[in-house]
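The structure appears below as structure tokens.
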Amino acid sequence: MSKMKAHPRPDMSQVPDNLCPIATIENPMLPGDWRAERPIVDRAKCVKCGICWIFCPVQCIVEKRAWFDVDYDTCKGCGICAVECPQNAIKMIEEVK
Ligand code: SF4
Ligand code: SF4
């Protein structure tokens, strides 16, 4: 019988209270590490209506002074914001690492 390789244990003092510790152990990456596409906001078109903020399933739309932008650490690249933006101000582009 083959011996299973021990999984490296994370420092649990670094895991935020609102995250499931099991999921954190199995997948310590942020969405920005594996996203296939990223949204780009055209600041000239954005009218700051907040629709993208309402529809984003992971709440990674952040408010700037004159437009709404994206937190690229937590954005998973689903594209919902681009579909829902009434101004067509968000386009999805391929993620390049
Ligand atoms: S939905 Fe479009 S226009 Fe509205 S805040 Fe988001 S990017 Fe700007
Ligand atoms: S692509 Fe998805 S996760 Fe990223 S900002 Fe848009 S709605 Fe949110």
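Laboratory data are not the source of any read-out in this text; all were calculated from the coordinates shown. As the structure is a prediction and not an experimental result, all values here were calculated from the model. Every residue, glycine as well, gets a Cβ built from its backbone with ideal geometry; the counts of neighbours run over all protein chains shown.
Couple of notes before you dig in:
- Filtered by the rule that a residue be exposed (fewer than 15 other Cβ atoms within 10 Å of the Cβ), within 13 Å of ligand 1 (Cβ to nearest atom) and not aliphatic (A, V, I, L, M), the stretch 64-78 gives LYS64, ARG65.
- Here is the figure for the stretch 26-63: residues that are under 11 Å from CYS81 (Cβ atoms) and aliphatic (A, V, I, L, M) total 6.
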